[in-house]
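First up is the structure itself, then whatever we jot down about it.
Bear in mind these aren't lab numbers, they're just calculated from the coordinates by the rules spelled out. A quick note: this is a predicted structure, and the numbers were derived from the prediction, not measured. Here the Cβ positions follow ideal geometry from the backbone for every residue, glycine too, while neighbour counts run over all protein chains shown.
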Amino acid sequence: MSLELTKNTFYLFVIVLFISCQSDDEATTTNDEDEATEFYFPNDDASWAALSAEDLNWNAQKMEDLLVFLEEKNSRGFIVLKDGKIAIEEYWGDNLLGNSAFDEETLWYWASAGKSLTSVMLGLAEQQGLLSLEEPISNYIGNQWSSLNEEQENAILLKHHLSFTTGIDYNVEELNCTDPSCLTYLQEPNTNWYYHNATYTILTEVIESVSESSYTNFTNENLGASIGLNGFWSMTDDNANVYFSTTKSAARFGLFVLAEGRWKENQLLSSNYYEKMIQTSQALNPSYGYLWWLNGQSSFRVPNQTASFQGSLLPDAPDDLILALGKNGQFIGIVPSQNLVIVRFGDNPGGDPLTIEFIREVFSQLKSMMNE
């Protein structure tokens with residue numbers, strides 16, 4: 001994915017920052033903590049409650065070692081929430097443009113971690129009656145969106161796009177290309193799993209078609225305004241629709257998912273869809289739900305490969321960990337059994353191209369720090 005920012009994207013940075021500051025000032029009419037819930041939900045970012053390593057009985061020296069490791073691996077923002085409260089919050093380096101320091105107000109790209117946000121948006125659209133995951137994508141964007149014939153297109157349901165099982169040929173030069181000429185038939189849906197970006201990106205067109213709104217507006221109106229998510233979607237030069245936000249906004253999203261689609265007393269995402277979203281979506285890659293990565297499964301596949309690997313994706317992480325994963329080590333991790341949310345934004349940490357080894361090391365050090 002190209003990280004070259006267009007002039008329009010830069011202007012959007014400024015606009016979103018202005019709007020988010022206004023929203024924070026206005027969103028202070030309720031108590032920070034709802035005693036009827038098990039989690040702390042913040043109002044404005046400035047007053048977000050925090051916990052110390054001593055409060056949590058975490059090893060302070062190992063926490064410092066983790067932070068040194070993250071800085072050495074080109075991290076920019078790192079947050080850990082425990083029960084919704086901030087246990088770790090650190091920033092390093094410069095923003096994307098390299099003209100100011102990275103801090104709590106800096107916007108950063110989610111890369112493919114934004115796929116997991118899209119999964120939530122499809123769920124919200126379905127519960128509004130705008131679409132059904134059991135229907136063909138052609139019902140919402142018409143036929144001839146690919147080079148397949150009408151019968152082949154109508155066999156591809158929305159859920160196949162969420163689980164990467166469309167059967168569209170991935171043996172193409174550009175996996176981000178959504179032109180019909182790039183989308184050709186390989187096999188029947190749900191007979192193979194492949195991380196094909198184009199079959200995901202086309203979901204943007206679905207959302208905009210059924211909502212008659214831009215994807216950013218739909219996200220802001222149906223989720224952002226409720227949980228304090230302050231970002232926007234932007235199409236990059238290589239045809240990838242990428243979400244940008246602050247690190248704390250990503251943590252808010254993680255807390256919303258930790259609370260099973262709830263924010264304070266409001267159940268925003270249906271429990272039925274939430275359960276489908278975070279469970280294995282097909283038998284081909286047990287470690288993949290609806291655009292979410294799942295830990296603790298018997299095997300996993302990774303992007304750009306067809307081979308399966310035995311064992312859990314992150315052996316030193318809890319089995320119930322679910323992950324939004326993106327290029328260059330972007331991730332939002334949720335651990336329901338420990339009421340944890342972990343967010344890492346930054347540049348390429350080096351090592352293997354998929355940064356799996358880096359993320360494994362982060363969770364290994366977290367486990368040691370928490371005396372697990």
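Within region 232-267, restricting attention to residues that are in contact with a Leu (Cβ under 7 Å, 6 or more places away or on another chain) and assigned to a loop (DSSP other than H, G, I, E, B), the residue that is nearest to Asn217 (Cα to Cα) is Thr246. Any residue at all in region 118-138 that is in a strand (DSSP E or B), within 26 Å of Ser234 (Cα to Cα) and touching a Ser or Thr at 6+ places or on another chain (Cβ under 8 Å)? Within region 118-138, none of the residues are in a strand (DSSP E or B), within 26 Å of Ser234 (Cα to Cα) and touching a Ser or Thr at 6+ places or on another chain (Cβ under 8 Å).
Considering region 148-175, and only residues there that are touching a Pro at 6+ places or on another chain (Cβ under 8 Å) and either free of Cβ contacts under 8 Å to residues at least 24 places away in the same chain or more than 14 Å from Asn190 (Cβ to Cβ) (or both), the residue that is surrounded by the most Cβ atoms within 10 Å (Cβ to Cβ) turns out to be Glu153.
As a summary of the residue check, Ser234 satisfies the conditions (1) within 21 Å of Glu151 (Cβ to Cβ); (2) in contact with a Ser or Thr (Cβ under 6 Å, 6 or more places away or on another chain) except for the one numbered (1). Within region 81-98, residues that are aromatic (Phe, Trp, Tyr) reach partners that are surrounded by 17 or more Cβ atoms within 10 Å (Cβ to Cβ) and outside any strand (DSSP E or B) with beta carbons closer than 8 Å, at six or more positions or on different chains, in the pairs Tyr91/Phe102; Tyr91/Thr106; Tyr91/Thr247; Trp92/Leu70; Trp92/Phe102. Considering region 45-54, and only residues there that are in contact (Cβ under 8 Å) with a residue 24 or more places away in the chain and outside any loop (DSSP other than H, G, I, E, B), the residue that is nearest to Met370 (Cα to Cα) turns out to be Ala53. When region 337-372 is filtered for residues that are assigned to a helix (DSSP H, G or I) and without any contact (Cβ under 8 Å) to a residue 12 or more places away in the chain, only Glu357 remains.
Per this entry, Ser209 is counted among residues that are among the small types (Gly, Ala, Ser), in contact (Cβ under 8 Å) with a residue 60 or more places away in the chain and not in a loop (DSSP other than H, G, I, E, B). Residues considered: Glu173, Glu135. Of these, the only one that is among the acidic types (Asp, Glu) and in contact with a Leu (Cβ under 7 Å, 6 or more places away or on another chain) is Glu135.
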